[in-house]
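The block underneath contains the structure these notes are about, expressed in structure tokens.
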Amino acid sequence: MRLIRERKREEDFDLKIVLATSNKDKVKEFENVFSPMGIRIVPVKDTVASGVCISETGDTFEENAIKKAQ
């Protein structure tokens with residue numbers, strides 16, 4: 001299955017990834033990767049979960065991502 005689609009209009013995006021970070025540079029980096037595939041990146045601050053603050057105390061990106069997903 002290929003995720004790459006031609007993006008025509010903003011409303012054509014039907015896939016979203018909520019990125020659990022408030023780091024603007026990280027959000028932009030993910031947008032650069034996923035936008036050409038027709039996937040919209042939504043920063044967590046733009047969701048109902050924006051009031052939740054989780055400290056990134058893990059030693060790796062993976063540990064922090066797991067902590068946020070739980």
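The values are calculated or read from the model by the stated rules, or taken from the named source; none is laboratory data. Here the structure is a predicted model, which means the values were calculated and not measured. Counting neighbours? That spans all protein chains shown, and the Cβs are built from the backbone with ideal geometry, glycine included. Heads up: the accessible areas ignore ligands, DNA and RNA and are worked out on the full protein's heavy atoms, side chains in. Shrake-Rupley method; radii C 1.70, N 1.55, O 1.52, S 1.80 Å.
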Among residues of the stretch 19-34, those that are touching a helix residue (DSSP H, G or I) at 6+ places or on another chain (Cβ under 6 Å) and modelled with pLDDT of 85 or more, counted: 1
Qualifying residues in the stretch 55-70 (those that are under 16 Å from the mean Cα position of the chain (by Cα) and open to solvent by less than 60 Å² (accessible area, probe 1.4 Å)) - the one modelled with the lowest pLDDT: Lys68
Selection count, the stretch 35-52, where residues are within 9 Å of the chain's Cα centre (by Cα) and either modelled with pLDDT of 85 or more or open to solvent by 90 Å² or more (accessible area, probe 1.4 Å) (or both): 4
Long-range neighbours under 8 Å by Cβ, at least six apart or interchain, first residue over 20 Å from Glu56 (Cβ atoms) within the stretch 20-44, second assigned to a strand (DSSP E or B) and not aliphatic (A, V, I, L, M): Phe34/Arg40; Ile39/Lys16; Arg40/Lys16
